[in-house]
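Peer 1: There's a structure below that I have some questions on.
Values quoted throughout were computed directly from the atomic coordinates according to the rules given, and no laboratory measurement underlies them. Since the structure is predicted, the reported quantities are computational estimates derived from the model, not experimental observations. Here the Cβ is made from the backbone with ideal geometry for all residues, glycine too, and neighbour counts use every protein chain on show.
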Amino acid sequence: MDLKEIAKNYSKQKRKMMTDAVINNRNYQRNFPVHHTDSLNIMFAEWHLLFPTQKQDITCTSCRKAICKFWELMVDEWIEIENTPTKTPKKSNDSKKTKAKTK
């Protein structure tokens, strides 16, 4: 699975939950040099639901960075999906051909 497929499969409710977790974590990191605990737990739990074979340890610094980076990319992808205009079928502007009337 690639990033776009994963992004499309998430419901609006889960998207909001994960977006809030990412935003809370980023805002917390602006004030303190550590991750927001609740947000980090949510991100790790969702990661393990998506990728059960890819175990990540919450005590590992590089694992935390990777998980946070992944969810930030997902939030960016969701924003892109929501802002992409849907394509509407193009109407043809060709005038209809009419037969010449003969008297």
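Peer 1: Provide Trp47, Trp71 in ascending order of the number of other Cβ atoms located within 10 Å of each residue's Cβ, fewest first.
Peer 2: Working: Trp47 18, Trp71 22.
Ranking Trp47, Trp71 by Cβ neighbours within 10 Å, fewest first, gives Trp47, Trp71.
Peer 1: Right, here's the next one. If you put +1 on each Lys and Arg Cβ and -1 on each Asp and Glu Cβ, how big is the dipole of region 3-83 around its Cα centre, in Debye rounded to 20?
Peer 2: 80
Peer 1: Determine ³J(HN,Hα), in whole Hz, for all residues of region 10-20 in sequence, where each value follows from phi through the Karplus function 6.51 cos²θ - 1.76 cosθ + 1.60 and θ = phi - 60°; x replaces Gly and Pro.
Peer 2: Calculated HN-Hα couplings, in order: 8, 6, 4, 5, 5, 4, 5, 4, 6, 5, 4 Hz.
Peer 1: Label region 3-83 by shape, choosing from rounded, prolate and oblate, from the square roots a ≥ b ≥ c of the eigenvalues of the Cα gyration tensor; if a/c is under 1.5 it is rounded, and otherwise prolate applies when a/b is larger than b/c, oblate when it is not.
Peer 2: Taking the square roots of the gyration eigenvalues as a ≥ b ≥ c, region 3-83 is oblate.
Peer 1: Hey, another quick one. Residue by residue through region 75-81, which ³J(HN,Hα) values in whole Hz follow from phi under the Karplus form 6.51 cos²θ - 1.76 cosθ + 1.60 (θ = phi - 60°), with glycine and proline marked x?
Peer 2: Taking θ as phi minus 60°, the curve returns 4, 4, 5, 5, 5, 5, 5 Hz for region 75-81.
Peer 1: If you don't mind, another one. Using θ = phi - 60° and the Karplus relation 6.51 cos²θ - 1.76 cosθ + 1.60, list the HN-Hα couplings for region 57-73 in order, rounded to whole Hz, with x at every Gly or Pro.
Peer 2: The phi angles translate into 9, 5, 8, 8, 4, 5, 5, 4, 4, 5, 5, 5, 5, 4, 6, 5, 5 Hz.
Peer 1: Arrange Met18, Met43 by Cβ neighbour counts within 10 Å, fewest through most, would you?
Peer 2: On the way: Met18 19, Met43 25.
Result, fewest neighbours first: Met18, Met43.
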